[in-house]
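Engineer: A single structure is presented below for examination.
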Amino acid sequence: MPFLPEMPPVFFVPEMPDAASAEQTYQAIRTFVHEQAPGWAISDRRIYQLDYTHHGRDYRSRVGAIGADLGEPVFAIFEAVHGDERLYYVCTPNRGVLGGVPFSVGGGEIRRIADFAKYA
């Protein structure tokens, strides 16, 4: 499974018609994720893709693609920080966007992370 053969895109949120809508939606999801992680800071990092191993199997979550382990399109990925610890939240329509608890990935499970290209 190749990581990223091309440069990551500039920041976007799936199904949003423009940059302003994407930013507003992203911030709303970010606020919800922060409420789910008391005591953790949500970093400003804009993550496009996360490759990780869970229970011995390799997975990939990429914004705009259906997560094989989630069965839904990924809308956003957030990094939560608590001291030296990292936790990643993958948000899909039913896991953090429209409701439900975001899917979490422990920092020790991460194999690779790709951030969005810098956005204007």
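The values are calculated or read from the model by the stated rules, or taken from the named source; none is laboratory data. Just so we're clear, the structure is a prediction, and the values are computed from it rather than from any experiment. Neighbour counts run over all protein chains shown; Cβ positions are idealised from the backbone, glycine included.
Engineer: Please verify whether A65 is under 17 Å from F12 (Cα atoms) and either out of contact with any His (no Cβ under 7 Å at 6 or more places or on another chain) or of a type in the set (S, T, Y) (or both), treating the condition exactly as stated.
Structural biologist: On the way: under 17 Å from F12 (Cα atoms): yes; either out of contact with any His (no Cβ under 7 Å at 6 or more places or on another chain) or of a type in the set (S, T, Y) (or both): yes.
Yes.
Engineer: What's the total number of residues in the stretch 16-62 that are under 18 Å from N94 (Cβ atoms), touching a Pro at 6+ places or on another chain (Cβ under 7 Å) and at pLDDT 95 or above?
Structural biologist: 1
Engineer: Kindly establish whether A120 is of a type in the set (A, V, I, L, M, F, W, C), at negative phi, more than 11 Å from the chain's Cα centre (by Cα) and modelled with pLDDT under 95. Explain how you work it out, then say what you get.
Structural biologist: Working: of a type in the set (A, V, I, L, M, F, W, C): yes; at negative phi: yes; more than 11 Å from the chain's Cα centre (by Cα): yes; modelled with pLDDT under 95: yes.
Against the criterion (of a type in the set (A, V, I, L, M, F, W, C), at negative phi, more than 11 Å from the chain's Cα centre (by Cα) and modelled with pLDDT under 95), A120 qualifies.
Engineer: Can you confirm whether V81 is modelled with pLDDT of 95 or more, over 12 Å from F116 (Cα atoms), surrounded by 20 or more Cβ atoms within 10 Å (Cβ to Cβ) and not hydroxyl-bearing (S, T, Y)? Give the derivation first.
Structural biologist: On the way: modelled with pLDDT of 95 or more: yes; over 12 Å from F116 (Cα atoms): yes; surrounded by 20 or more Cβ atoms within 10 Å (Cβ to Cβ): no; not hydroxyl-bearing (S, T, Y): yes.
So V81 fails the test.
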